[in-house]
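S.K.: Quick one: structure below, then a few questions.
Coordinate-derived values only; no laboratory data. Fair warning: this is a prediction, and the values are worked out from it, not measured in the lab. Neighbour counts run over all protein chains shown; Cβ positions are idealised from the backbone, glycine included.
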Amino acid sequence: MKLKILVLFTFLSIVYNAKSQVNSLLNFDKHKAEYLYHFAYECIDKEYPNKLGQVLGDDSYLSPPRDLHPAFYGCFDWHSSVHGHWTLVTILNRFPDFEYRDEILKKFQKNITKENILTEVAYFNDEHNKDYERTYGWAWLLKLDEAILEWDNPEAKELHENLFPLVRLISGKFSEFLDKLIYPIRIGEHSNIAFGMSFAYDYAKKYDTELASKIEQKAREYYMKDCECPLTWEPGGFDFLSPCLQEVSLMEKVLSKAEFEKWLKDFLPGFEKNPEKYLEVAVVTDRSDGKLAHLDGLNFSRAWCLFEIGHALNNQKMIDLGEKHFNYSYEKMDSGEYAGAHWLASFASYALIKYSL
């Protein structure tokens, strides 16, 4: 009898320790912060290579990125520069004594100045570029300001004040666009509107009640009647967002718990009981190809959605599946390819945050 108890105790200890080791891999600790910070720190003022994505009105529009976007000119493209700043704010907020704090602050104070942000505002007011970065970059800008507002640091107040003219403009643009958008955009890349609304809602429910109400209204209009999302059709070859899971993430935020649970049963029938039946970790074959490298981002964004939903429903199977997605791409982040290095740290950081909530 004693031998049986000893064997059982040993077995349970092994299971517990194995589970603890897996869980420890996803703790957003200082070791991970030191690893992730360097991706964002090294690229927020790295001007080239650069993908501007602008519309040219005439010859005068041809200028270096640092002149067109003096605040957010690094990290290959505008939105990646914005969320590179978000990554660094997030790290400093979580680790006030972070070793590289002063160096990061110097870059913030160089980039997010009043003058630089007013230049960014002028760009977004230009008749040819009024829809620039709609809505992916817009959502990340609101996410950046949300992080700054929640950062308990003397420098944060000035950064927010400097950034706010652009935040105010983008918030208004977001609301105006939702008024005009009759049909939701469901693709797995930048313009996915569920992603944009979800991130914007995180900001708006605390700092912009008018936009928050608009998002709640439009989410119901777009998605309340949806059913049987074809999750097994995913992923698309260039996806970095899951159309089905991004929609679930948004609806979990805007619906009551009872409404959400009922809606989810119709939207993804069977998913709660056996999520692995519907989703496999996305495999990346070439990390030097910017589009194929999107699939690492998909693994991270799926992970944060699965963590959100799993926590909301107390569903460990979803959390476990999220861990598998996260671990596959996290272990391969430092591939030496800028195609992923300029943006994936933000996605990994956000997944870690959602895991720990």
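S.K.: Would you kindly compute the Cα radius of gyration of region 27-180 and its largest Cα-Cα separation (Dmax), both in Å?
M.R.: Rg and Dmax of region 27-180, Cα atoms, are 15.5, 50 Å.
S.K.: How big is the charge dipole of region 27-180 about its Cα centre, in debye rounded to the nearest 20, if each Lys and Arg gets +1 on its Cβ and each Asp and Glu gets -1 on its Cβ? Walk me through the numbers before you get to the answer.
M.R.: Values: 18 positive and 28 negative charges, 47 e Å.
With Lys and Arg at +1 and Asp and Glu at -1, about 220 debye.
S.K.: Could you check the simple spin-label distance between residue 60 and residue 331, using points 7 Å along Cα→Cβ, in nm with one decimal?
M.R.: 5.5
S.K.: To continue, here is another question. Volume per residue, Å³, of the convex hull around the alpha-carbon atoms of the chain?
M.R.: 156
S.K.: Okay, moving on. Can you tell me the relative contact order of region 103-206? Whole percent, Cα pairs under 8 Å, sequence separation 6 or more.
M.R.: 36
S.K.: I'd like to compare 305-318, 152-165, 39-52, 187-200: which one has the highest average count of other Cβ atoms within 10 Å, and what's the full order after that? Let's see the in-between values first.
M.R.: Values: 305-318: 20.0, 152-165: 15.4, 39-52: 18.0, 187-200: 23.4.
Highest to lowest by the protection proxy: 187-200, 305-318, 39-52, 152-165.
S.K.: Can I ask one more? Only sites in a loop by DSSP and with at most 15 other Cβ atoms within 10 Å count here; which trypsin sites (Lys or Arg not before Pro) in region 189-237 make the cut?
M.R.: Working: sites: 205, 206, 214, 218, 220, 225; in loops: 225.
Taking region 189-237 and a limit of 15 other Cβ atoms within 10 Å, the loop trypsin sites (Lys or Arg not before Pro) found are 225.
S.K.: Let me ask something additional. Using Cα pairs under 8 angstrom and six or more residues apart, how large is the relative contact order of the chain, in percent?
M.R.: Computed over the chain, the figure is 16 percent.
S.K.: Here's another thing I want to ask about it. For region 298-357, what is one quarter of the convex hull surface built on the Cα atoms, given in nm²?
M.R.: 3.5
S.K.: In µm²/s, what is D for region 146-227 at 20 °C and 1.002 mPa s, where D = kT/(6 pi eta Rh) by Stokes-Einstein and Rh is the Kirkwood radius from Cα pairs?
M.R.: Working: Rh = 13.9 Å.
In µm²/s, the coefficient is 154.
S.K.: Per DSSP H run of at least 4 residues, take -39500 (n - 2.57); add these up for the chain, divide by its residues and hand me the 222 nm value, nearest 500 deg cm²/dmol.
M.R.: Details: 16 runs with 228 residues, N = 357.
Rounded to the nearest 500, it is -20500 deg cm²/dmol.
S.K.: Run the numbers on region 160-234 and let me know its relative contact order in percent, using alpha-carbon pairs under 8 Å that are six or more apart.
M.R.: Relative contact order here is 24 percent.
S.K.: Taking 0.36 nm per residue of sequence separation and subtracting the Cα-Cα distance, how much length would be gained by fully extending the chain between residue 288 and residue 45, in nm to one decimal? Before the final figure, lay out the partial values.
M.R.: Details: separation 243, 0.36 × 243 = 87.48 nm, distance 2.12 nm.
That works out to 85.4 nm of additional length.
S.K.: On the first, second and third principal axes, largest extent first, how far apart are the outermost C-alpha atoms of region 223-357 in Å?
M.R.: So the extents along the principal axes, rounded to whole Å, are 46, 29, 24.
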